[in-house]
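The values are calculated or read from the model by the stated rules, or taken from the named source; none is laboratory data. Small disclaimer: the values here were computed from a predicted structure and weren't measured. Cβ sites come from the backbone with ideal geometry, for glycine too, and all protein chains shown count toward neighbours. Just the protein is used for accessible areas: all its heavy atoms, side chains included, with ligands, DNA and RNA removed. Shrake-Rupley method; radii C 1.70, N 1.55, O 1.52, S 1.80 Å.
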Amino acid sequence: MHLWTDLSQVPPGFGPSVVTIGNFDGVHRGHAQVLGRIVDLARERDARAVAVTFHPHPAVVHRPESAPELITGIADRVELLAGTGLDAVLLVEYTLDFARQTPEEFVRTYLVDGLHAGAVVVGHDVRFGRDNAGTMATMVELGARHGFDVVAIDDVGQHQGVPVTDEATPGDSQVRWSSTGVRALLAAGDVREAARILGRAHRVRGTVVHGDARGRELGFPTANLGAISGMVPADGVYAGWLERPQLASADPGHPDVRLPAAISIGTNPTFDGVERRVEAYVLDRADLDLYDEDVVLELVERLRPTLRFDGIEPLVAQMHDDVARAREILAADAGSTGPATEA
């Protein structure tokens with residue numbers, strides 16, 4: 001898949017293309033279905049399938065005080081978009097200058113002159129251009145003027161065959177396949193249900209940094225993450241996997257590429273901590289040197305909330321129990337097909 005961050009990178013003669021536009025935060029199952037249809041349509045037309053997406057999120061530019069926390073960092077979003085079969089992604093830097101374009105200017109510059117769109121696929125509620133003045137009717141009018149078809153795609157945000165709902169109540173089987181729904185579930189710590197909507201376990205990415213070495217002193221050495229990308233879910237202890245992309249690139253078959261872990265998110269209240277941390281104990285391993293390595297944590301299930309203990313002994317006893325439960329959950333997870341195959 002081609003990744004372009006500027007229209008100047010689009011090769012001469014590229015096209016015709018079938019283009020869609022969106023933020024695609026999380027690249028959840030609803031997104032995947034829409035993008036799959038776009039790829040199919042492009043193949044039928046002997047065209048290229050292209051997604052136009054934005055960084056930063058438009059809300060960060062227009063309403064920074066209320067902008068949503070992003071489910072996936074930009075590297076993971078691009079990787080997930082590539083997995084849908086798209087031929088190219090145009091990653092547009094979203095700025096106030098970009099937002100000042102009229103609907104006509106945006107369509108002509110990006111879709112017509114830039115990507116040579118033969119078809120544009122959008123939802124019925126599409127809004128684009130300055131002050132979100134462009135609507136579906138505007139896109140149809142501009143398509144007729146500039147020679148591209150407009151394909152309206154229905155909302156595929158249904159979950160488990162129930163009617164779409166805009167409410168995102170954690171644990172509710174009717175949560176819409178939406179980025180908003182995923183954020184609500186992650187904020188509640190329900191990574192298992194979030195995975196049903198995402199089609200995979202939720203992941204956060206970061207670089208291993210030095211911590212207090214307290215876990216090592218207690219017999220549970222942990223990898224502390226810094227420079228984290230991806231939405232960090234509610235405080236608590238989770239069963240999950242630690243993945244090592246650099247090792248996977250160098251030696252894909254290495255047994256330490258993907259390791260079972262108990263993952264702690266929180267402030268370590270037993271030690272009066274105030275800084276929120278994400279740290280992972282790789283089960284039964286004290287020999288790993290992960291400092292300065294970029295790792296991915298895949299969160300499978302929340303074991304419990306963060307608790308304050310009255311001393312070291314009850315804390316260590318609970319940690320042993322956490323590790324035992326994590327081992328059991330991950331053994332089942334490793335032997336399953338995962339949430340992506342569930343209806």
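Considering (1) open to solvent by 30 Å² or more (accessible area, probe 1.4 Å); (2) modelled with pLDDT of 90 or more, the lone condition that Phe271 does not fulfil carries the number (2).
Summed over region 233-251, the residues that are touching a strand residue (DSSP E or B) at 6+ places or on another chain (Cβ under 6 Å) and closer than 17 Å to Gly273 by Cβ give a count of 3. If we keep just the residues of region 274-298 that are touching a helix residue (DSSP H, G or I) at 6+ places or on another chain (Cβ under 7 Å) and part of a loop (DSSP other than H, G, I, E, B), which is surrounded by the most Cβ atoms within 10 Å (Cβ to Cβ)? In this case the residue turns out to be Leu283.
Can you find a residue in region 236-248 that is of a type in the set (Lys, Arg), farther than 13 Å from Leu299 by Cα and buried (at least 17 other Cβ atoms within 10 Å of the Cβ)? Taking every residue of region 236-248 in turn, at least one turns out to be of a type in the set (Lys, Arg), farther than 13 Å from Leu299 by Cα and buried (at least 17 other Cβ atoms within 10 Å of the Cβ).
Within region 56-74, the set of residues being touching a residue at least 40 places away in the same chain (Cβ under 8 Å) and either within 17 Å of Gly199 (Cβ to Cβ) or open to solvent by 60 Å² or more (accessible area, probe 1.4 Å) (or both) comprises Glu69, Ile71, Thr72.
Among the residues of region 34-55, the ones that are open to solvent by less than 20 Å² (accessible area, probe 1.4 Å), part of a strand (DSSP E or B) and touching a Ser or Thr at 6+ places or on another chain (Cβ under 6 Å) come to 2 in all.
If the condition is being of a type in the set (D, E, K, R), part of a helix (DSSP H, G or I) and under 18 Å from the mean Cα position of the chain (by Cα), then region 177-225 contributes Arg183, Arg192, Glu193, Arg196. Counting the residues of region 1-10 that are open to solvent by less than 80 Å² (accessible area, probe 1.4 Å) and either of a type in the set (Asp, Glu) or part of a helix (DSSP H, G or I) (or both) gives 2. Applying the condition of being of a type in the set (S, T, N, Q) and outside any helix (DSSP H, G or I) to region 79-126 and asking which residue is surrounded by the fewest Cβ atoms within 10 Å (Cβ to Cβ) yields Thr95. Summed over region 184-220, residues that are under 21 Å from Val274 (Cα atoms), at pLDDT below 95 and surrounded by fewer than 20 Cβ atoms within 10 Å (Cβ to Cβ) total 9.
Table: residues versus (1) open to solvent by 10 Å² or more (accessible area, probe 1.4 Å); (2) touching a residue at least 40 places away in the same chain (Cβ under 8 Å); (3) part of a helix (DSSP H, G or I); (4) in contact with a Gly (Cβ under 7 Å, 6 or more places away or on another chain).
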{"site": "Pro12", "(1), (2), (3), (4)": "yes, no, no, no"}
{"site": "Val18", "(1), (2), (3), (4)": "no, yes, no, yes"}
{"site": "Gly26", "(1), (2), (3), (4)": "no, yes, no, no"}
{"site": "Ala32", "(1), (2), (3), (4)": "yes, yes, yes, yes"}
